[in-house]
Amino acid sequence: MSTKKPCENIGNSISNIKFLKSSIRIELSSGEIFDISEDAYVSDFKLYQGKKITQDEVKKLRDSQNNYIFENYLNKLVNSGRMFSAKKIKEKLIKVKHASNDVADSIIAKAYERGIINDSEYIQTYIQDAKDKGFSKSYIYHQLQKDGYSDSDIEKEMVDVNFDYIEIEELIGSLFDRYNYKNFNSARDSVFSKLYKMGYSSDNCDDLIKKYLSKNSAVEENYKKMELKLLKVDMDSTFQKLNHCGYNMMEIRAKVIAKMLQKKYAFDDIISMWEENKYDIY
């Protein structure tokens, strides 16, 4: 009857130990290779070349290597230049690196202890970044809640942040500049849609746009000046496409008008443009 302990890995031993740039490589006589952190090598193991290795110690080396991979991945996320909440980092550890829930929690906890993750700094940075991009206060608050932060933590960092209309006004102006290839009504709808997606309520979007246009009447005037030119281009293009499809003139006229209305052109402008360009004589 054998007296060997079940945990022993008979014949397996450390064949080589290499000190790499940021890790320690442990090579076993079985051919297995493990890269572990310097901290783990110093704190968790008593290893030397030629040492016999048990099955339990092999498992411990394997777990240590996994932790080293997880910690490197966490550091990569934190230093990537992108913002990741602790919740998002945990989700990525589980989904991308296949860490278990408990292991992911352990890796996150160590990162907190070492100051690699700091909730206060993340919330501050997120608020300022989102605010600079024009997102509403309610949107920012909701996103931070989704990231798992408490109301008290969010309010603590948000209390001194000034959500000034001047900054929203600049955002609306830049949006109208961005959509200047559209007619006025389409551009206004696009600005509304963008603000709505950034967390502003429907009524708030309307109020902000009206307030901006009342203070910047030249914006609508400039759009109107370009609008007839855009209408002419759109009508010509639509007419030519339909004219080659075998429709009669009454059908073409109806379809052109419907298409221009879909693009938010004024009905009177559409009729005037049709009559001025005498499409009916084609």
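A few remarks follow.
- Residue under evaluation Asn180, criteria (1) under 27 Å from the mean Cα position of the chain (by Cα); (2) within 28 Å of Ser138 (Cα to Cα), criterion not met: (2)
- For region 50-72, the set of residues classified as assigned to a helix (DSSP H, G or I), among the basic types (Lys, Arg) and in contact (Cβ under 8 Å) with a residue 12 or more places away in the chain consists of Lys60, Arg62, listed by residue number.
- Exactly one residue among Ser201, Ser214, Ser186 is over 22 Å from the mean Cα position of the chain (by Cα) and loosely packed, with under 15 Cβ neighbours inside 10 Å, and that residue is Ser214.
- Annotation: of all residues in region 73-90 being assigned to a helix (DSSP H, G or I) and over 14 Å from the mean Cα position of the chain (by Cα), the one that is surrounded by the most Cβ atoms within 10 Å (Cβ to Cβ) is Leu74.
- Yes/no for Arg114 being under 21 Å from Ile154 (Cα atoms) and either out of contact with any helix residue (DSSP H, G or I) (no Cβ under 9 Å at 6 or more places or on another chain) or of a type in the set (Gly, Ala, Ser) (or both): no
- Tally of residues being within 17 Å of the chain's Cα centre (by Cα) and crowded, with 19+ Cβ neighbours inside 10 Å across region 94-130: 5
- Any chance Ala40 is crowded, with 19+ Cβ neighbours inside 10 Å, more than 19 Å from Ile17 (Cβ to Cβ), touching a helix residue (DSSP H, G or I) at 6+ places or on another chain (Cβ under 7 Å) and of a type in the set (A, V, I, L, M, F, W, C): no
- Members of region 13-28 that are at pLDDT 90 or above and out of contact with any Gly (no Cβ under 7 Å at 6 or more places or on another chain): Ser15, Asn16, Ile17, Lys18, Phe19, Leu20, Ser23, Ile24, Arg25, Ile26, Glu27, Leu28
- Hey, Lys224 touching a residue at least 40 places away in the same chain (Cβ under 8 Å), more than 35 Å from the chain's Cα centre (by Cα) and within 17 Å of Ser186 (Cα to Cα) or not: yes
- Residue match in region 196-204 (condition: hydrophobic (A, V, I, L, M, F, W, C) and in a helix (DSSP H, G or I)): no
The values are calculated or read from the model by the stated rules, or taken from the named source; none is laboratory data. Just so you know, these numbers come straight off a predicted model, no measurement behind them. Positions of Cβ are generated from backbone atoms using ideal geometry, with glycine treated the same way; all protein chains shown enter the neighbour counts.
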